[in-house]
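Down below is the structure, laid out as structure tokens.
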Amino acid sequence: MKNVRNALVELAKGNAKYAQFNKNIVNTKKRVLGARTPDLRKLAKSLAKDLDFNGTLNFLKNCDKNVYEEVLLAGFIINYAKFTDAQKMKLTRLYLKHADSWALVDCFVSTRIKFDKEKWFNFAAGYLNSKEEFEARFGIIFLMAGYLEKDYIDRVFLALKKVKSGGYYVKMGLAWLFATAAVKFYEKTLKELEANVKNGVIDVWTYNNSLQKMTESYRFTNAQKQEIRALKQK
């Protein structure tokens, strides 16, 4: 850990302004050193080559949970290392306990390399009803990243009904997922949204923000955007 911390300090040198900017963007209570995400990924790849499961587990347990980069680095290592799905799930459970930011969730999910789709669907969906904001967001973002496809879309929509947290980043995650799903499943997604807000599965704020994200996207036609705007509720 001493060598890792020295490496992080080197990566953060001269980045004081970036550190403050990034802290505001990722909205974390942790200390932000200023190391940039691409550099953290490179460091994680290098470290993952020499760490077995127990070594990675020890790294995760001993990293400073009050330092944003140390936690994110641990997350990247989990994804780059060659472990079984069961091992990665165990490590993911521990990692998520220390995620206090959308970035610690979203960057972690975006680094997923290879995984068993069915096992990880069930694993991610299991977090949707968590009362912890960023655990629930993990479930949402994971499903958005890997399962908005024909074989899974109905299961994704059904699973999302389990979401209990009303946290801001949970609702924003839902809005992002629905807006992304509508690109490929336009009619189905709008129908799902309307049913969900009618039945109280989502609130009007989440519903309207889902539609707003669609109208801001270049992936919808002008005609579709006009239809979407007409669906907004007061």
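Read the figures in this text as sums done on the coordinates, not as results from a lab. Everything quoted here is computed from the prediction, not taken from an experiment. Glycine also receives a Cβ, built like all others from the backbone with ideal geometry; neighbour counts cover every protein chain displayed.
Details
- Counting Lys and Arg as +1 and Asp and Glu as -1 over every other residue whose Cβ lies under 14 Å from the Cβ of residue 129, the net charge comes to +2.
- Extents of region 42-145, taken as max minus min of Cα coordinates on every principal axis and listed largest first, are 34, 30, 21 Å.
- In the chain, helical runs assigned H by DSSP with n ≥ 4 each contribute -39500 (n - 2.57); averaged across all residues and rounded to the nearest 500, the mean residue ellipticity at 222 nm is -21000 deg cm²/dmol.
- Test item: Cα-centred dipole of the chain, Lys/Arg +1 and Asp/Glu -1 on Cβ, debye: 280 debye
- Within region 1-115: Cβ-based charge dipole about Cα centre, in debye rounded to nearest 20 (Lys, Arg +1; Asp, Glu -1): 40 debye
- Gaussian network model of the chain, springs between alpha carbon atoms under 10 Å - residue of 220, 134, 121 with greatest fluctuation: 220
- Cα convex hull volume per residue for region 1-54 (Å³): 99 Å³
- Selected from 209, 57, 143, residue furthest toward positive end of dipole (the chain; charges at beta carbon): 57
- Taken over region 116-234, the percentage of Cα pairs per 5 Å bin, counting from 0 up to the bin with the maximum distance, is 2, 12, 24, 25, 20, 11, 4, 1, 0.
- Leading residue at positive end of dipole, region 41-171 (Cβ point charges), from 68, 111, 163: 163
- Trypsin sites (Lys or Arg not before Pro) within region 114-159, DSSP loop, no more than 16 other Cβ atoms inside 10 Å: 114, 131, 150
- Relative contact order of the chain: 12 percent, from C-alpha pairs under 8 Å at least 6 residues apart in sequence.
- Summarising the amide proton neighbourhood of residue 67: residues at separation of 5 or more, or on other chains, whose placed amide H is nearer than 5 Å comprise 31.
- Restricting the calculation to Cα atoms, every distinct pair contributes to the Kirkwood radius of the chain, found to be 18.8 Å.
- Sorted largest first, the spans of the alpha carbon positions of region 54-99 along the three principal axes are 28, 16, 15 Å.
- Nearest 10 degrees, 0 to 90: helix 186-198 Cα axis against the chain principal axis: 90 degrees
- Among 91, 11, 128, residue whose mean-square fluctuation peaks in a GNM of the chain (springs only between Cα atoms under 10 Å): 11
- Mean-square fluctuations from a GNM of the chain, with a 10 angstrom spring cutoff on Cα atoms, peak among 217, 130, 165 at 217.
- 3J(HN,Hα) couplings calculated from phi for region 89-100 with the Karplus curve 6.51 cos²θ - 1.76 cosθ + 1.60 (θ = phi - 60°) are, in sequence order, 5, 4, 5, 4, 4, 5, 4, 5, 5, 10, 8, 10 Hz; Gly and Pro show x.
- Projecting the Cα atoms of 1, 152, 196 onto the charge dipole of the chain, computed from C-beta unit charges around the Cα centre, puts 1 farthest toward the positive end.
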